[in-house]
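What follows draws every value from the coordinates through simple rules; no lab data is involved. Quick caveat: nothing in here was measured; it's all calculated off a predicted structure. We place every Cβ from the backbone using ideal geometry, glycine too, and count neighbours over all the protein chains shown.
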Amino acid sequence: MKLYVIAFALLWAGIVPAKAQEDRIETCKENYRTLFCGEALTGQGTDPEMMDILQKFIFGEVFTTGNLSLKQREMITCVTLATMQTLPQLKAHAGAALNVGVTPVELREAMYLTAPFIGFPKMLNAVGTVNEVFKERGISLPLENQTTVTEANRHEQGAAIQDKLYHGGISAVMEGVPGGMG
């Protein structure tokens, strides 16, 4: 009986990884199709081996980790690519983001939000790349303005949000800052 259990365990150990690999490949193909409206693992291009490894890992494994939606994953991916200034990949993923339901305004606003962290020049590169995708998709530019404050109330409105988030900490830090910023 013990031999049967061991034999079954060894057989099962060989089947499970094969099944997991098959699932990973199918998941990769499904995610890639959804995101890019194309086929993964085609063996085409100048480095098909690397693309095969990359696609299986990213779209077959990474995209199945956690509970994020494809829309959330693409927003995170676009912000990360903007931050890293990997603009060709940002262009591809901006298109993928639109394919999974990210609106043009959501994508643009996400790019705007990178400015304090990566600086205006890099943010402008990212916005320019995303705008190329919008133009290719026939999305009219400029997008609708999303401004919620005026020049007259921007400091007051910003301070109200910051005070709520940081319990007055920003106001305390800004006291005494030259130029009327505090």
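List the GluC sites (Glu not before Pro) within segment 56-112 that fall in a DSSP loop (any state other than H, G, I, E or B) and whose Cβ has at most 14 other Cβ atoms within 10 Å. Write down the numbers at each step before the final one.
Numbers: sites: Glu61, Glu74, Glu106, Glu109; in loops: Glu61.
In loop regions of segment 56-112 (DSSP not H, G, I, E or B), the sparsely surrounded GluC sites (Glu not before Pro) are Glu61.
Residue-wise HN-Hα couplings along segment 36-49, as the Karplus relation 6.51 cos²θ - 1.76 cosθ + 1.60 with θ = phi - 60° gives them from phi, are 10, 6, x, 9, 8, 6, 8, x, 9, x, 7, 9, x, 5 Hz; Gly and Pro carry x.
With one equal scatterer per alpha carbon and no solvent term, the Debye-computed log10 I(q)/I(0) for segment 109-167 at 0.18, 0.19, 0.29 1/Å reads -0.82, -0.87, -1.12.
Non-local lysine pairs in the chain, meaning eight or more places apart or on different chains, with alpha-carbon distances under 18 Å, amount to 7.
Arranged by the count of other C-beta atoms within 10 angstrom, fewest first, what order do Leu98, Leu68 take? Can you show the working numbers first?
Values: Leu98 19, Leu68 12.
If I rank by nearby Cβ atoms, fewest first, I get Leu68, Leu98.
With R₀ fixed at 45 Å, the C-beta to C-beta distance from Glu151 to Glu22 puts the FRET efficiency at about 0.15. Principal axis analysis of the Cα atoms in the chain yields extents of 82, 44, 25 Å, listed in decreasing size.
Our coupling estimate for segment 134-141, obtained by passing each phi through the Karplus curve with A = 6.51, B = -1.76, C = 1.60 and θ = phi - 60°, is 4, 4, 4, 8, x, 7, 5, 10 Hz, Gly and Pro reported as x. With the convex hull constructed from alpha-carbon coordinates only, segment 32-79 shows a mean projected area of 3.6 nm² over all directions.
Calculated mean residue ellipticity at 222 nm for the chain: -22000 deg cm²/dmol, from DSSP H runs with n ≥ 4 weighted as -39500 (n - 2.57), summed, divided by the residue count and rounded to 500. 3J(HN,Hα) along segment 109-125, derived from phi through the Karplus expression 6.51 cos²θ - 1.76 cosθ + 1.60 where θ = phi - 60°, amounts to 4, 4, 5, 4, 5, 7, 3, x, 9, 10, x, 5, x, 5, 4, 5, 4 Hz, with x in place of Gly and Pro.
About the centre of its Cα atoms, the chain shows a dipole size close to 280 debye [charges on the beta carbon of Lys, Arg (+1) and Asp, Glu (-1) only; nearest 20 debye].
Give me the Debye-computed log₁₀ of I(q)/I(0) at q = 0.12, 0.14, 0.15, 0.28 Å⁻¹ for segment 63-119, equal point scatterers on Cα only, no solvent, two decimals. Rounded to two decimals, the profile gives -0.25, -0.34, -0.39, -1.17.
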